[in-house]
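Novice: I have a structure I would like to understand better, so I am pasting it below and will then ask my questions one at a time.
The values are calculated or read from the model by the stated rules, or taken from the named source; none is laboratory data. From a predicted model like this one, the values you see are computed outputs, not experimental measurements. No Cβ is skipped: glycine too gets one built from the backbone with ideal geometry, and neighbour counts run over all protein chains shown. Please note that ligands, DNA and RNA were not included when accessible areas were found on the heavy atoms of the full protein model with its side chains. Shrake-Rupley method; radii C 1.70, N 1.55, O 1.52, S 1.80 Å.
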Amino acid sequence: PALARKELNWVLVPASFGLSTPKVYAVADKLRERAGIVAAEPGEVDPAVLQAMNSGDVHALARVVSNDLQPAAIEQAPELADILDLGLAEGALAGLVSGSGPTVAFLSAGRRDAEELAQRLSDVAGVVALPVHGPVHGARIMA
């Protein structure tokens, strides 16, 4: 389990369109092949990511968070790169495509930063931008 010891604040920007997960994976395979990259069998989570989450250091997390599918998602939807660039220019610590996309996630320094970033993205780009935080407790049965 990758548990964060400190609240992490994100801004999620869901796209108004979808992407085919199988197609994103196929494009990722083609991009790797073109670049001569042999995809390694997935192993453990990068220890630097776990350490940053465990310590609650959002700046360290911003330096090590990544998504191998991001180039393929951007190849399928180049406008994702524009949103990523805008979020970083507007103060996000890090930005990445979530999973195979098309949602984009921005890491913020704190709750207020996330709220302000979401507002700026909405104002400047006219997108839906949702400030969220975690970790959150899962569902509980109340007796």
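Novice: Can you work out ³J(HN,Hα) from phi for every residue in the stretch 26-43, in order, using Karplus 6.51 cos²θ - 1.76 cosθ + 1.60 and θ = phi - 60°, giving whole Hz and x for Gly and Pro?
Specialist: Values, residue by residue: 5, 5, 4, 4, 5, 5, 5, 4, 4, 8, x, 9, 9, 5, 7, 4, x, x Hz.
Novice: OK, next. Quick one: what do you get for the chain if you divide its Cα Rg by 2.2 N^0.38 Å? Walk me through the numbers on the way to the answer.
Specialist: Numbers: Rg = 16.2 Å, N = 143, 2.2 N^0.38 = 14.5 Å.
Normalised Cα radius of gyration, the chain: 1.12.
Novice: Highest GNM mean-square fluctuation, the chain, Cα pairs closer than 10 Å: which of 28, 94, 73?
Specialist: Taking springs between Cα atoms under 10 Å, the residue moving most is 28.
Novice: Scan the chain and report its longest stretch carrying no trypsin sites (Lys or Arg not before Pro) that are both in a DSSP loop and have at most 15 other Cβ atoms within 10 Å.
Specialist: Values: sites that count: 5, 6, 140.
The longest such stretch corresponds to 7-139.
Novice: In the neighborhood of residue 35, defined by Cβ-to-Cβ distances under 14 Å, what is the net charge if each Lys or Arg adds +1 and each Asp or Glu adds -1? Present the calculation step by step, with values, prior to reporting the outcome.
Specialist: Details: positive: 30, 32, 34; negative: 29, 33, 68, 75.
For residues surrounding residue 35, the net value is -1.
Novice: Next question, about the same structure. Compute the Cα gyration tensor for the stretch 16-100, then decide on rounded, prolate or oblate, letting a ≥ b ≥ c be the square roots of its eigenvalues: rounded whenever a/c is under 1.5, prolate when a/b is larger than b/c in the other cases, and oblate in all that remain.
Specialist: Oblate, since a/c reaches 1.5 and b/c is not below a/b.
Novice: How much area per residue is accessible in the stretch 96-141 when the probe is 1.4 Å and only protein heavy atoms are counted (Å²)? Please report the intermediate quantities before stating the final value.
Specialist: Details: 2620 Å² over 46 residues.
Per residue, the stretch 96-141 has 57 Å² of solvent-accessible surface.
Novice: Something else about it: Which GluC sites (Glu not before Pro) from the stretch 25-131 combine a DSSP loop assignment with at most 14 other Cβ atoms within 10 Å? Provide the component values of the computation, followed by the final result.
Specialist: Details: sites: 33, 44, 75, 79, 90, 115, 116; in loops: 44, 90.
Taking the stretch 25-131 and a limit of 14 other Cβ atoms within 10 Å, the loop GluC sites (Glu not before Pro) found are 44.
Novice: Considering only protein heavy atoms and a probe of 1.4 Å, how much of the accessible area of the chain is carbon and sulfur, as a whole percent? Walk me through the numbers on the way to the answer.
Specialist: Working: 4860 of 8940 Å².
After summing per-atom areas, the C and S share lands at 54 percent.
Novice: Now a separate question. Summing Lys, Arg as +1 and Asp, Glu as -1, what charge do residues with Cβ under 12 Å from the Cβ of residue 57 carry, residue 57 excluded?
Specialist: Details: positive: 5, 6, 63; negative: none.
The answer is +3.
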